[in-house]
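Report on one structure; see the data block that follows.
Derivation of every value follows stated rules applied to the coordinates shown; laboratory data play no part. These numbers were taken from a predicted model, which means no experiment stands behind them. Note: ideal-geometry Cβ built from the backbone for every residue, glycine included; neighbour counts use all protein chains shown.
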Amino acid sequence: MWTRAELKARGKAAFKANYWKCVLVAFLLALFTGASGGASGRGGDSSQQAEQLTQQLNAVPDDEKLALVLTILGVFALVIVISLLVRMFLINPLRVGCLDFFIRNTENPPAELNSIGKGFRSYWHTFVTLFLTDLYILLWSLLLIVPGIIKAYSYRMVPYILAEHPEMPAAEIITRSREMMDGQKWNAFVLDLSFIGWFLLSILTLGIVHLFWTAPYKQSTDAALYLTLR
């Protein structure tokens with residue numbers, strides 16, 4: 001049975017053995033997947049702004065309100081569709097390549113950067129496998145948030161397995177991920193929580209700590225988890 005301390009020690013050792021390349025790959029992964037953080041909004045006068053907006057909307061004729069609502073919904077739907085297409089056709093293959101780098105670097109550091117493009121070499125297979133994975137998680141999330149989170153942990157190893165075994169059918173990859181995470185989901189969740197201090201420090205330093213330490217350290221530890229469960 002693995003322990004958090006063992007995985008984090010292995011991940012840290014692999015990361016420090018190939019520091020700058022790990023930082024670069026983790027940066028690319030965070031940049032394209034949006035994992036590096038989010039934006040914060042202003043909240044001091046939100047109630048006053050909402051009241052003013054409501055008054056302005058009440059003064060708009062009903063036919064113009066309908067056109068405005070349809071326009072907003074159309075723009076929102078377009079943004080979602082574009083985001084999904086970019087994720088499926090660009091981000092997912094890049095993600096597989098970046099995770100393959102972390103697998104290689106954690107298993108036998110230092111790894112080279114040539115594995116980053118691996119997800120694009122079996123492009124259609126990568127697309128189908130990760131599309132099905134995202135679809136299953138989405139369908140479970142439509143039931144309730146908690147089942148969606150549980151399934152996300154069940155399918156956590158899919159891109160790692162895909163990186164190492166691009167010849168394996170999509171259904172087999174997804175099944176193997178479920179088997180690997182059977183009885184491990186809670187432990188993996190606690191492992192993620194153990195990085196919360198680093199993420200808070202990353203926020204306080206405006207992402208500097210995240211870029212140069214937290215992100216590559218976390219990715220290396222996740223790769224160590226995969227190698228242990230494999």
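Only Cα pairs under 8 Å and at least 6 apart count here; give the relative contact order of the range 118-230 as a rounded whole percent.
Across the range 118-230, relative contact order equals 22 percent.
Averaged over residues, the count of other Cβ atoms within 10 Å places the peptides 175-187, 11-23 in the sequence 11-23, 175-187, highest first. Listed by chain and number, the lysines placed with their C-alpha closer than 20 angstrom to that of K185 are K8, K151, K218; residues fewer than eight positions away on the same chain are left out.
On full extension, the segment bounded by L200 and L113 gains 28.4 nm, given 0.36 nm per residue less the C-alpha separation.
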